[in-house]
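Novice: Have a look at the structure that comes next, please.
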Amino acid sequence: MIKNAFPLLILLLMLTGCASSSSPNEKEFVQLDMSADVGDQIISLADVNFKVVPEQTYYILLDESLSDDGSKFVRKFIKYDGSDGAEGAVEELENEVELPYSFKSADDARNWLREFAPEELALYPKTYLSDSVLSHWEQEGYDYSVEAKNVAPLESFKRMGAVTRISDPLLIEHDAQELIKKIERIEKDYLPDHANIDVTRDLEALSQSFNYRTQVRLFNEPGRSQLVSLLDIELTYRVDELGHPLELTLEASFENREEHITGRLLPVIDDLATFAWMMRDGLVEEFGIYGVGNNNSELNYANISLYYEGEETGAHYRENFSVR
């Protein structure tokens, strides 16, 4: 039964998406000739790097300009297309909008479109604004509410598994008492109370470190006869005085001994699976380490690298998050 419980819970979590509205007609885009130099620029922005994600398509708005004669407003995009699987495709594209007359600057042209033809400024769903474009808009005081309908925040791309590098550091706010309260709340709400369950729990909170481990064993009968399920969740971290992680490991595993499972224990196994997911997910959110997962095994921050390992079979599930 646990084989079905974990994928279902994961699927429910992943079903969040970005809002969509009108977007440019892709036929209006012109595919550019991508040389090696341009390719390096495409996959290495100043603030963040991206990758293709299977079954996902998203865009990055790189630049805005005018055509040489000032009669067209031009936006340059990168398209990350994972619709064909993990390999996918990365393309550099241009969207050209015809203007009623020649403008002297791209800002003037964009502002005119904002007033008289705002539909021409709509972006594709799941568009990330490059740091240069966003900074320019903010400095100019440009109202980009039209574009914002399809702009996705960086957090959305991290959760998608699309980000491989971020120029910001990963920091941990070490508040041991609040973390203990969160752990205890999840244990109270989701850890099942059953005669066949045995729980071992260790917790140590120091000034700059934290260690927590819960092991839950389910037996087919009270009195520790035959082991049916084994759940193990372990969290260890150390930080310096500024919150930089010197060590961070979060591991969650669940194992079923299917030969010992009886029908009356299936609801208990489902409850254990729910508890395992809620604790794992709660701790992942607490430390903001959702940028790695099945679609992305490594995310490089300014101060550390975050890694992910995961495996799942019919009777076994394991995830490990760690920093180096």
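The values are calculated or read from the model by the stated rules, or taken from the named source; none is laboratory data. Bear in mind that the values here come from a model prediction, so they are computed numbers and not experimental data. With ideal geometry, Cβ positions are generated from the backbone for all residues, glycine too; neighbour counts draw on all protein chains shown. Surface areas here come from the heavy atoms of the whole protein model, side chains and all, with no ligands, DNA or RNA. Shrake-Rupley method; radii C 1.70, N 1.55, O 1.52, S 1.80 Å.
Novice: List pairs: first in the stretch 158-182 and open to solvent by 30 Å² or more (accessible area, probe 1.4 Å), second in a loop (DSSP other than H, G, I, E, B) and among the hydroxyl-bearing types (Ser, Thr, Tyr), Cβ under 6 Å, 6+ apart or cross-chain?
Specialist: Filtered contacts from the stretch 158-182: Arg159/Tyr290; Pro169/Tyr301.
Novice: Counting only residues that are closer than 30 Å to Thr236 by Cα and either of a type in the set (Gly, Ala, Ser) or outside any helix (DSSP H, G or I) (or both), how many does the stretch 251-285 have? Can you show your working first?
Specialist: At the first step, the residues of the stretch 251-285 found to be closer than 30 Å to Thr236 by Cα are 251-257, 268-285.
Restricting the remaining residues to those that are either of a type in the set (Gly, Ala, Ser) or outside any helix (DSSP H, G or I) (or both) gives 251-257, 273, 276, 282.
Selection size over the stretch 251-285: 10.
Novice: For the stretch 114-164, which helices (runs of 4 or more DSSP H) that fit wholly inside it have 1 or more residues that are within 15 Å of Gln56 (Cβ to Cβ) and over 25 Å from the mean Cα position of the chain (by Cα)?
Specialist: Values: elements: 131-140, 145-148, 154-160.
No helices (runs of 4 or more DSSP H) qualify here.
Novice: Among the candidates Val239, Val228, which residue alone is over 15 Å from Asp271 (Cα atoms), surrounded by 16 or more Cβ atoms within 10 Å (Cβ to Cβ) and in the same structural domain as Gly282 (by the TED database)?
Specialist: Val239
Novice: Now for a separate question. Failed condition for Ser297, given (1) in contact (Cβ under 8 Å) with a residue 40 or more places away in the chain; (2) touching a Phe, Trp or Tyr at 6+ places or on another chain (Cβ under 7 Å), with all others met?
Specialist: With (1) in contact (Cβ under 8 Å) with a residue 40 or more places away in the chain; (2) touching a Phe, Trp or Tyr at 6+ places or on another chain (Cβ under 7 Å) applied to Ser297, the lone miss is (1).
Novice: Select, from Val151, Val133, the only residue that is open to solvent by less than 20 Å² (accessible area, probe 1.4 Å) and among the β-branched types (Val, Ile, Thr).
Specialist: Val133
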